[in-house]
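Down below is the structure, laid out as structure tokens.
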Amino acid sequence: MLLDVIRTLGATAAVFVAALLLISAAHKWRHRDRLTASVATLTGLPLAVAPLGLVAAGTVEVAAAILMFLPATIAVGGMLAAGLWFAYLTSLVAALARGRRSFDCGCSFGEHPAPLGWFAILRNLTLMALALMVAAVPPLTSPATDAGALLGGFAFLTLYVAIDQIAALKPLANRRR
């Protein structure tokens with residue numbers, strides 16, 4: 001019984017993670033010039049090499065998302081997504097260690113400098129945990145054919161985008177009246 005609940009949650013998480021990865025890949029393609037600079041800042045790569053990092057990240061996102069919709073490969077997709085978010089997390093921590101505190105990290109779908117800190121780190125840890133849950137206890141059927149998983153996954157995606165937008169707001173104390 002508990003395993004069935006976990007598998008249902010895993011199917012919902014798989015839809016959420018796969019949809020987020022596909023949107024992130026599309027975001028990288030649509031805003032590639034701006035996000036190339038973000039990749040260079042995050043990774044320390046020269047600006048001339050950063051487009052390769054952007055293409056590589058987008059390719060891994062699409063591959064992981066596709067793998068998560070196929071029952072035989074959902075665990076591989078989850079591991080690939082977790083690995084991608086781990087690499088992103090280490091880049092965020094490295095940028096913080098280099099003294100970068102506020103720049104357009106490409107973390108959200110909006111175009112704004114965002115302060116790097118606990119929110120960005122916790123977001124990546126949460127996404128890694130969800131991807132690892134999908135990999136550890138994959139659903140028995142394709143999440144793409146599970147209406148509940150589809151609705152739940154897209155509901156979580158909507159909540160994620162809303163939280164992301166709220167986190168991007170400047171605190172009221174910093175606004176001039």
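The values are calculated or read from the model by the stated rules, or taken from the named source; none is laboratory data. Predicted model, so just to flag it, every value in this text is computed and none were measured. So basically every Cβ, Gly included, is an ideal-geometry build from the backbone, and we count neighbours across all protein chains shown.
For (1) in contact with a helix residue (DSSP H, G or I) (Cβ under 6 Å, 6 or more places away or on another chain); (2) in a helix (DSSP H, G or I), each residue gets a yes or a no:
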residue	(1), (2)
Pro51	yes, yes
Leu54	yes, yes
Ala57	no, yes
Ala63	no, yes
Ala72	no, no
Gly77	yes, yes
Ala87	no, yes
Original post:
Any idea how many residues of the range 96-109 are modelled with pLDDT of 80 or more and within 23 Å of Gln165 (Cα to Cα)?
Top reply: 1
Original post:
Just checking, which of Leu159, Leu132, Leu125, Leu151 is at pLDDT 90 or above, among the aliphatic types (A, V, I, L, M) and within 12 Å of the chain's Cα centre (by Cα)?
Top reply: Leu125
Original post:
In this structure, does Thr41 turn out to be of a type in the set (Ser, Thr, Tyr), crowded, with 16+ Cβ neighbours inside 10 Å, in a helix (DSSP H, G or I) and in contact (Cβ under 8 Å) with a residue 60 or more places away in the chain?
Top reply: yes
**OP:** Report yes if Glu61 is of a type in the set (D, E, K, R), modelled with pLDDT of 90 or more and at negative phi, otherwise no.
**Re:** yes
Original post:
For residues in the range 138-148 being modelled with pLDDT under 85 and among the aliphatic types (A, V, I, L, M), which is nearest to Ala65 (Cα to Cα)?
Top reply: Ala144
